[in-house]
Amino acid sequence: MAGQYILAHDVGTEANKAVLFDIEGNIIGSDSEVYGVNYPKPGWAEQDPEVWWKAIVNSTRKIMRKTGVSPTDVIALSFDAMMITALPVDHEGKALRPAIIWVDARAGEQAGWCLEKFDLMKLLDMGMIPPASEKDVIPKILWIKEKEPQIFNHTHKFIDVKDYVIYKCTGEFYTDWSCALLTGLFNGKTKKWEKEVMDAIELSEDMLSKPVKSTDVVGNLTASTAHELGLPKQTKVICGAGDAPAVAIGSGAIKDGHPHLYTGSSGWIALHTTEPKFDVEEGIGTICSADENKLLLIGQMESTGACLKWFRDELGGQEKEQARRRNKSAYQILDELAGGVNSGASKLMFMPWMLGERCPVINPSLRGAFINLSFDHSKGHLIRAIMEGVAYNTRWVLDGIEGLGFKVESLTAAGGGALSDVWLQIFADILGKKIRQVQSPQEVGSRGAALIALVGLGMYKDFDSVGKLVPVGREFAPVDEHTRVYQELYKSFRQLYEQLAPIYGQLNI
């Protein structure tokens, strides 16, 4: 089996990451292609799906050139992607409008209708994820139906990001169980589209992709796609998973009850389990795992690394220039500034709810804020406060997970934020847990997609057996002195939510 490779694509909100793996899980090469999000109106977030595909094509061709690997040695393509997107397409798979992506919050009126129409607890008991937020797929579909009826009437299928990419590869519409479940239309127990819910919104099963296991081979490349990618037609296409289930595999935290902490644009804590669990008020619950025999308990936060990126882009001009001169990344310069500030950032606090929040509270009206800002605070304080604010919010999520009966002793850290030793130490101190850093943490979604492919191709018998392929780096232990400081500030963070939430509600109706 020497000389065989898996090409995995992680289709994210702002970039596609392509990573070439050998069958022992080693990274042979990587490439990324950046694209943007369109915000045509307040609360709206859209993308032309062609930007995903162009990024996949460009990164595929570049990675093959850079590595020198023969295209005939690439045995499979596998994908993970952002979820909770509504994209209407015609019979040829062409988008009828820009994709309404996961952060879009336009469908508040339709979400209100769903809350009145559906018994949310009944849907949970059935094995469904109820449509409770304007960012959920059902309200987005209803918005298209009501506001753009000409598009709805010409829609052949409503699909997600990964469905679109798979169609471009194979000419067929497939989705995996994890992406299907988060549409609110899929029954996680029966593994079928739920007719009762579809009838309520006047949607038929043939308007959705075929749901299959993440490990399933869904076809080979079409001749035109093979030519476009520069790969052979016999290259197999693996269905893959949504971003969070793929990261759960790629983090190596595969065994039941072993959590991982992900810090990318958004962030979450998640762990595998075999029993369904939910805390509806805090937005924590189980979804389908890439492992067909397990569930994934997850609490997802809307904005984590995106908060630091906002600072870098809007306020970090000097740091970006300094990074260029010193041949470093701007984030490394931000790390240096934050690392020069004591724990607690001189009691400057940051609320990380730049896009509203999904967990630890379901509240789309929330927004970000610096609290207790004074002339004594430097740019380093601002940066550290952002890191700490994200970690306080994460601690709140962790409290909810432990409240469901899971005893957490340590977490495996992944995502771009896990490149920062400063941030990982902050997480350890605020969470009061050991944090283990995954090697190449920014590639963990692609790694998960590749490991899913290796199991799907039968090269490894199950997911537990691929866990050993994930290398772990440094471990960060909480420092008692820091933890004592953060314990008091965490209480203030929770109090600030209670005091600010009504004001945000008035400002962001």
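The values are calculated or read from the model by the stated rules, or taken from the named source; none is laboratory data. Quantities reported herein were computed from a predicted structural model and do not represent experimental measurements. For neighbour counting, all protein chains shown are included, and Cβ atoms are generated from backbone atoms with ideal geometry for every residue, glycine included.
Suppose we keep only residues that are under 16 Å from Val455 (Cβ atoms) and over 18 Å from the mean Cα position of the chain (by Cα) within segment 233-275. Which one would you say is surrounded by the most Cβ atoms within 10 Å (Cβ to Cβ)?
Among them, the one singled out is Ile238.
Here is a check on your reading of the model: is Gly467 within 25 Å of Ser178 (Cα to Cα) and modelled with pLDDT of 95 or more? I'd like the intermediate steps shown before the answer.
Values: within 25 Å of Ser178 (Cα to Cα): yes; modelled with pLDDT of 95 or more: no.
Judged against the criteria, Gly467 is not a match.
Return the residues of segment 451-484 that are under 26 Å from Gly416 (Cβ atoms), out of contact with any helix residue (DSSP H, G or I) (no Cβ under 8 Å at 6 or more places or on another chain) and part of a helix (DSSP H, G or I); say none if nothing qualifies.
Ala453, Gly467, Lys468
Any chance you could count how many residues in segment 208-228 are more than 21 Å from Asp90 (Cα to Cα), touching a Ser or Thr at 6+ places or on another chain (Cβ under 8 Å) and in contact (Cβ under 8 Å) with a residue 40 or more places away in the chain?
The total comes to 2.
Looking at (1) buried (at least 16 other Cβ atoms within 10 Å of the Cβ); (2) within 30 Å of Gly43 (Cα to Cα); (3) at pLDDT 95 or above, find the lone condition where Ala132 falls short.
Of (1) buried (at least 16 other Cβ atoms within 10 Å of the Cβ); (2) within 30 Å of Gly43 (Cα to Cα); (3) at pLDDT 95 or above, only one is false for Ala132: (3).
List pairs: first in segment 168-184 and under 12 Å from Ser209 (Cα atoms), second of a type in the set (D, E, K, R) and part of a helix (DSSP H, G or I), Cβ under 9 Å, 6+ apart or cross-chain?
Pairs found: Phe173/Asp163; Tyr174/Lys162; Tyr174/Asp163; Thr175/Lys162; Thr175/Asp163; Asp176/Lys162; Cys179/Lys162; Cys179/Asp163.
Filter segment 99-127 for residues that are crowded, with 21+ Cβ neighbours inside 10 Å, free of Cβ contacts under 8 Å to residues at least 40 places away in the same chain and in a loop (DSSP other than H, G, I, E, B) and give the result.
Ala107
Could you tell me whether any residue of segment 366-375 is crowded, with 18+ Cβ neighbours inside 10 Å, part of a loop (DSSP other than H, G, I, E, B), in contact with a helix residue (DSSP H, G or I) (Cβ under 6 Å, 6 or more places away or on another chain) and without any contact (Cβ under 8 Å) to a residue 24 or more places away in the chain?
Within segment 366-375, not a single residue is crowded, with 18+ Cβ neighbours inside 10 Å, part of a loop (DSSP other than H, G, I, E, B), in contact with a helix residue (DSSP H, G or I) (Cβ under 6 Å, 6 or more places away or on another chain) and without any contact (Cβ under 8 Å) to a residue 24 or more places away in the chain.
Considering every residue within segment 405-417, establish whether at least one is assigned to a helix (DSSP H, G or I) and either out of contact with any Lys or Arg (no Cβ under 8 Å at 6 or more places or on another chain) or touching a residue at least 12 places away in the same chain (Cβ under 8 Å) (or both). Step through it out loud before you land on a result.
So the first thing to find is which residues in segment 405-417 are assigned to a helix (DSSP H, G or I), and the list is 416-417.
Applying the additional criterion that residues be either out of contact with any Lys or Arg (no Cβ under 8 Å at 6 or more places or on another chain) or touching a residue at least 12 places away in the same chain (Cβ under 8 Å) (or both) yields 416-417.
Yes, there is a match, as at least one residue in segment 405-417 is assigned to a helix (DSSP H, G or I) and either out of contact with any Lys or Arg (no Cβ under 8 Å at 6 or more places or on another chain) or touching a residue at least 12 places away in the same chain (Cβ under 8 Å) (or both).
Between a residue in segment 15-33 that is more than 15 Å from Lys66 (Cα to Cα) and any residue that is among the charged types (D, E, K, R) and part of a strand (DSSP E or B), which pairs come within a Cβ distance under 8 Å, given they are 6 or more apart or on different chains?
Cβ pairs passing all conditions: Ala15/Glu33; Asn16/Asp10; Asn16/Glu33.
Quick grid of which residues meet (1) assigned to a loop (DSSP other than H, G, I, E, B); (2) of a type in the set (Asp, Glu); (3) in contact with a Ser or Thr (Cβ under 7 Å, 6 or more places away or on another chain); (4) at pLDDT below 95:
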residue: Gln150; (1), (2), (3), (4): no, no, no, no
residue: Thr155; (1), (2), (3), (4): yes, no, no, no
residue: Ile166; (1), (2), (3), (4): no, no, no, no
residue: Thr175; (1), (2), (3), (4): no, no, yes, no
residue: Thr190; (1), (2), (3), (4): yes, no, no, no
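When you scan segment 72-87, do you find a residue that is closer than 23 Å to Leu229 by Cα and without any contact (Cβ under 8 Å) to a residue 40 or more places away in the chain, even just one? Spell out how you get there, then give the answer.
Here is the first cut: in segment 72-87, the ones closer than 23 Å to Leu229 by Cα are 72-82.
Restricting the remaining residues to those that are without any contact (Cβ under 8 Å) to a residue 40 or more places away in the chain gives none.
Checked segment 72-87: no residue is closer than 23 Å to Leu229 by Cα and without any contact (Cβ under 8 Å) to a residue 40 or more places away in the chain.
Kindly indicate the residue of segment 241-294 that is among the polar types (S, T, N, Q) and either under 23 Å from Lys17 (Cβ atoms) or in a strand (DSSP E or B) (or both) and also modelled with the lowest pLDDT among those meeting that condition.
Ranking the candidates gives Ser265 first.
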